[in-house]
Amino acid sequence: MLSISGFQKAFEYIDLIKQGMICTLSLSALTVLFGFILALFLAICRLSNIKIAKFLATVYVEVLRATPLLVQLFIVYNVLLAGVSLPKFRIFGFIRFERFLPGVIALSLNSGAYLSEIIRSGIQSIDGGQTEAARSLGMTQWQNMKLIVLPQAIKNILPAIANEFVTIIKESSICYTIGVQEIMYGVNSIKGATFSIGEPLIIAAVVYFCLTFPTSKIIAYFERRMSRGDRR
């Protein structure tokens, strides 16, 4: 049962939620950054004429999109990095690097698979006539991709990339299972201290809402501004 006294006890440990919020935002920002770099590489591979690169990129995307994120996280933490001795230090004084890094890797690998499809569709949405015009001017395929296609494609898919950031904020909660000190880790710690789970969960839900809702509205605002500019 939820109670006022339960919330009062939970708020005594609110610093754990604050630390979890910082960790969640750091985790999400790094995931989107590294995920985007990986996704760009995968998208180019899938659009290339090199059959082996196209095949491997397709297999990667399909496998990562078809398996649960939790399984991928455990594979990274318990299998891929099992024999790796990671440096043991704390980021911001409380985030354990040896737990944080596997979370970033797993989320980035997963996010890259989804973002690659967004980037690929963005590239394919660019009029082919522009590529033909670039070739007629003597530009190489790389110059065409770098100077003409990608800038337009990224502008078109920027709202989708920003939405991926919102998604990662929510999905990062799964990292508490390997000891990453994000919001749900804070909830679990408060539960251990107060022997109550309802109140910390409500507080966590409010924090997630405060992180994602304003971000979604900001994204929608810039999306409207960008669409207005395209109509001129």
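Annotation for the stretch 173-206: chymotrypsin sites (Phe, Trp or Tyr not before Pro) lying in DSSP loop with at most 14 further Cβ atoms inside 10 Å of their Cβ are PHE195.
What's the FRET efficiency of THR140 with GLU117 using the Cβ-Cβ distance as r and R₀ = 30 Å, to the nearest 0.05? Each step should come with its number before you reach the end.
Details: r = 26 Å, r/R0 = 0.87.
Given R0 = 30 Å and the Cβ-Cβ separation, E is 0.70.
A crude spin-label estimate for the pair LYS170 and ALA220, with each label 7 Å from Cα along the Cβ direction, gives 1.4 nm.
Return a whole-number percent for the relative contact order of the chain, with Cα pairs under 8 Å and 6 or more residues apart as the contact set.
On the way: 249 pairs, mean separation 74.6, N = 232.
Over the chain, the number comes to 32 percent.
Need one word for the stretch 136-232: rounded, prolate or oblate. Basis is the Cα gyration tensor (sqrt eigenvalues a ≥ b ≥ c); a/c below 1.5 gives rounded, then a/b vs b/c decides.
Details: a/c = 7.95, a/b = 2.37, b/c = 3.36.
The shape class here is oblate.
Suppose we look only past 34 Å in the calculated P(r) of the chain. What percent of the Cα-Cα pairs does that tail hold?
On the way: 7605 of 26796 pairs.
Tail of the P(r) past 34 Å holds 28 percent of the pairs.
Comparing SER196, SER172, SER108 in a Gaussian network model of the chain, where Cα atoms under 10 Å apart are tied by springs, the biggest mean-square fluctuation is seen for SER196. For the stretch 96-105, the Karplus equation 6.51 cos²θ - 1.76 cosθ + 1.60, evaluated at θ = phi - 60°, returns couplings of 6, 4, 5, 9, 5, 4, x, x, 4, 4 Hz by residue, with Gly and Pro reported as x.
Based on Cα contacts under 8 Å between residues 6+ apart, the stretch 93-164 shows a relative contact order of 40 percent. Distance from the C-alpha centroid of the stretch 56-112 to that of the stretch 168-184: 12 Å, rounded to the whole angstrom. Probing with 1.4 Å while keeping every protein chain in the model, the per residue accessible area of the chain equals 56 Å².
Taking every C-alpha pair closer than 8 Å and separated by at least 6 residues, the mean separation divided by the residue count of the stretch 128-232 gives a relative contact order of 23 percent. Starting from the Cα of THR177, step 7 Å toward the Cβ, then list every residue of the stretch 58-90 with an amide N under 19 Å from that point. Correct set: 63-82.
Sort the stretch 158-211 into rounded, prolate or oblate with this rule: let a ≥ b ≥ c be the square roots of the eigenvalues of the Cα gyration tensor; rounded if a/c is under 1.5, and if a/c is not under 1.5, prolate when a/b is larger than b/c, oblate otherwise.
Working: a/c = 4.39, a/b = 1.96, b/c = 2.24.
Cα axes put the stretch 158-211 in the oblate bin.
Label separation (MET1 vs ASN49): 7.4 nm, computed from points 7 Å beyond Cα along the C-beta direction.
Taking R0 as 35 Å, what FRET efficiency do you get between LEU147 and PHE209 from their Cβ-Cβ distance, rounded to the nearest 0.05?
The calculated FRET efficiency here is 0.25.
Helical content of the chain, expressed as a calculated mean residue ellipticity at 222 nm, amounts to -25000 deg cm²/dmol (DSSP H runs of 4 or more residues, -39,500 (n - 2.57) each, divided by residue number, nearest 500).
The values are calculated or read from the model by the stated rules, or taken from the named source; none is laboratory data. Since the structure is predicted, the reported quantities are computational estimates derived from the model, not experimental observations. Methodologically, a virtual Cβ is constructed for each residue, glycine included, from the backbone with ideal geometry; neighbour enumeration extends over all protein chains shown. These area figures cover heavy atoms from the full protein model, side chains too; ligands, DNA and RNA do not enter into them. Shrake-Rupley method; radii C 1.70, N 1.55, O 1.52, S 1.80 Å.
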